[in-house]
Amino acid sequence: KPDSAPALCTLLGNLEQPAHQAIVINALFELAREIPEVLAKYLTDRRPVFVRNLLGIILRWNNPRLADSVERIFRYPDPLIRREAVRTWVVLKPSGTVGKLIALLNDPDEAVILATLKPLLTGHYTASFSNWEPIVNAETFGDRPPAERRNIFHAMRLTSGDEAVSYWTNLLTEWGWTNRKKKEDLALMAVDALGKLGTPSACAALEAGTRKGTAAVKQACTAALAGVSKQPRTT
């Protein structure tokens, strides 16, 4: 009966053989389906194999009510669990706001960052630019791999839209002599994001770049504006 679910969770956590675990997992899948919170409270357990098995059941249920419970283990000590938590959460919450997900882009595990970027690039989520500021304003942001920085900018474009334009405008127009190459690389990535955003605010930022950027930035801004003008207008 369903009231046996807590005891089965305790049993599952103590089993070591995958075949034995599978039997209990199937039983929990059926018995706890209508009382999923009983299972969700065990997600903070410090045994990764146990938690991974619980996430597998939750994924099979695909019950949106459990999204908040899964979100609570985004900082789980084991990186494999953090990755699985992100993937499960995305299935449970395929759209909406994603502030806590964005914070995982500072995760020390590269695979967690990749798992986090994937849903952020779908265009199904929204976020305030304030969620992005700790990521893009960090002194170490320029040291991230180029592909990662580029994807972060496009995730910003898709989740925050015009809210990010002011940040990108500063990249195009404010120059100093320190780390000039890194700043120019970021500015060129900003041009790409602004060109794909294509809103009036984005175009105004590109116009500013044609006047105040470095030679490479001016050229890129001009090309991006030309590309925006060729895009079909939507009504």
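Descriptive notes on the structure:
- Under the criterion of Cα pairs below 8 Å and six or more residues apart, the relative contact order for segment 3-55 equals 38 percent.
- 16 Å cut-off, amide nitrogen to a point 7 angstrom out along residue 62 Cα→Cβ, residues in segment 89-105: 89-95
- Shape category assigned to segment 118-210 from the gyration tensor of Cα positions, a/c cut at 1.5: oblate
- Rounded Å value of the spacing that divides the Cα centres of segment 184-219 and segment 141-167: 13
- The 3J(HN,Hα) values that the Karplus relation (6.51, -1.76, 1.60; θ = phi - 60°) gives for segment 202-217 are, in residue order, 5, 5, 5, 5, 5, 4, 4, x, 5, 9, 10, x, 5, 4, 5, 5 Hz. Gly and Pro appear as x.
- Average accessible surface area per residue within the chain, 1.4 Å rolling probe, Å²: 52
- Sequence-distant residues sharing a close amide H with residue 97 (under 5 Å, placed H): 126
- Between residue 16 and residue 124, the modelled label-to-label distance comes to 4.0 nm, taking each label 7 Å out from Cα in the direction of the beta carbon.
- Global form of segment 79-235, assessed from the alpha-carbon gyration tensor, a/c cut-off 1.5: oblate
- The peptide list 188-199, 156-167, put in order of mean Cβ contacts within 10 Å with the highest first, becomes 188-199, 156-167.
- Normalised contact order of segment 58-160, rounded percent, pairs of Cα under 8 Å and 6 or more residues apart: 24
- Of 93/196; 93/230; 118/183; 118/181; 1/93, those spanning more than 32 Å from alpha-carbon to alpha-carbon: 93/230
- Spatial separation of Cα centroids for segment 98-116 and segment 26-47, in angstrom: 25
- Taking every alpha-carbon pair under 8 Å whose residues sit at least 6 apart, segment 103-235 reaches a relative contact order of 20 percent.
The values are calculated or read from the model by the stated rules, or taken from the named source; none is laboratory data. Nothing here was measured: the structure is a model prediction, and the numbers come from that model. No Cβ is skipped: glycine too gets one built from the backbone with ideal geometry, and neighbour counts run over all protein chains shown. Only protein heavy atoms, including side chains, enter the accessible area calculation; ligands, DNA and RNA are left aside. Shrake-Rupley method; radii C 1.70, N 1.55, O 1.52, S 1.80 Å.
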